[in-house]
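Input: a single structure, listed below in structure tokens.
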Amino acid sequence: MPRIAVIVGSVRPGRVTREVAEWVHGVASKRPEADYELVDIADFDLPAYDEALPPQYGQYEGAHTKRWAAKIAEFDGFVFVTPEYNHSAPAALKNALDYIYGEWNNKAAGFVSIGAAGGVRAVEHLRQIAAELQIATVQAQLPLPVSADFPDYPAFAPSETREEELGRVLDQLEKWAGALKALRA
């Protein structure tokens with residue numbers, strides 16, 4: 001059974017991303033096709049990239065890098081839950097992606113995004129980054145516009161159809177994660 005991380009893609013104090021990721025994890029954990037785990041990048045205290053060698057060499061020196069690499073290596077796929085900052089992904093998420101390389105390769109990812117326009121511009125940037133990391137991204141995504149899903153911001157109140165929309169992301173992600181797991185074997 002594929003193991004999939006629901007990654008909290010923000011470290012900002014007062015972030016709503018953690019609450020959304022917990023909702024995603026709660027919905028996903030009811031599904032029998034994969035094992036889901038919540039992973040919060042804030043728990044890894046990653047400074048601005050500080051390794052001596054590029055991550056493609058896999059020769060990590062920092063304890064924080066080794067811990068992050070070991071965690072990501074456990075998974076076959078990822079749901080990135082990301083806010084949109086200035087038409088892109090948060091620097092902390094980009095930094096976390098940049099820290100390691102081989103641990104991302106030949107795995108699958110889906111996206112849940114938050115923003116004025118549902119965070120879709122952040123996802124478009126993340127898709128380009130994922131391609132360079134050899135992460136296969138699924139077509140379905142769940143954009144959460146602040147005006148619709150946070151009517152009393154910062155309180156998260158997903159619209160009625162959101163769980164069904166998330167299901168489409170998870171359906172595709174589980175299939176791709178399973179298929180790529182076989183490729184890595």
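Here are the numbers for this structure:
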{"read-out": "Cleavage-rule hits (trypsin sites (Lys or Arg not before Pro)) in region 22-81: DSSP loop, at most 14 neighbouring Cβ within 10 angstrom", "value": "30"}
{"read-out": "Note, ³J(HN,Hα) from phi for region 55-71, Karplus 6.51, -1.76, 1.60, rounded to Hz, x at Gly and Pro", "value": "x, 4, 7, x, 9, 7, 9, x, 4, 5, 5, 4, 5, 5, 4, 5, 5"}
{"read-out": "Gain in span if fully extended, residue 148 to residue 127, counting 0.36 nm per residue against the direct Cα distance", "value": "5.1 nm"}
{"read-out": "Net charge of neighbours whose Cβ lies under 15 Å from the Cβ of residue 85, counting Lys and Arg as +1 and Asp and Glu as -1", "value": "+2"}
{"read-out": "At R0 = 22 Å, FRET efficiency that the Cβ-Cβ distance of residue 95 and residue 161 yields, to 0.05", "value": "0.10"}
{"read-out": "Which of 75, 44 has the fewest Cβ neighbours within 10 Å, and the rest in rising order", "value": "44, 75"}
{"read-out": "P(r), alpha carbons of region 3-184 - 10 Å bins starting at zero, rounded %", "value": "10, 40, 37, 12, 1"}
{"read-out": "Dipole magnitude of the chain about its Cα centre (Cβ charges: Lys, Arg +1; Asp, Glu -1), debye to nearest 20", "value": "300 debye"}
{"read-out": "Exposed-site-free run, longest, the chain (rule: GluC sites (Glu not before Pro); DSSP loop; at most 13 other C-beta within 10 Å)", "value": "75-159"}
{"read-out": "Per-pair calculated FRET efficiency, R0 = 35 Å: residue 183 and residue 120 via Cβ, rounded to 0.05", "value": "0.75"}
{"read-out": "Computed [θ] at 222 nm, helices only, for the chain once each DSSP H run of length n ≥ 4 contributes -39500 (n - 2.57)", "value": "-12000 deg cm²/dmol"}
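Read the figures in this text as sums done on the coordinates, not as results from a lab. Just so you know, these numbers come straight off a predicted model, no measurement behind them. Glycine also receives a Cβ, built like all others from the backbone with ideal geometry; neighbour counts cover every protein chain displayed.
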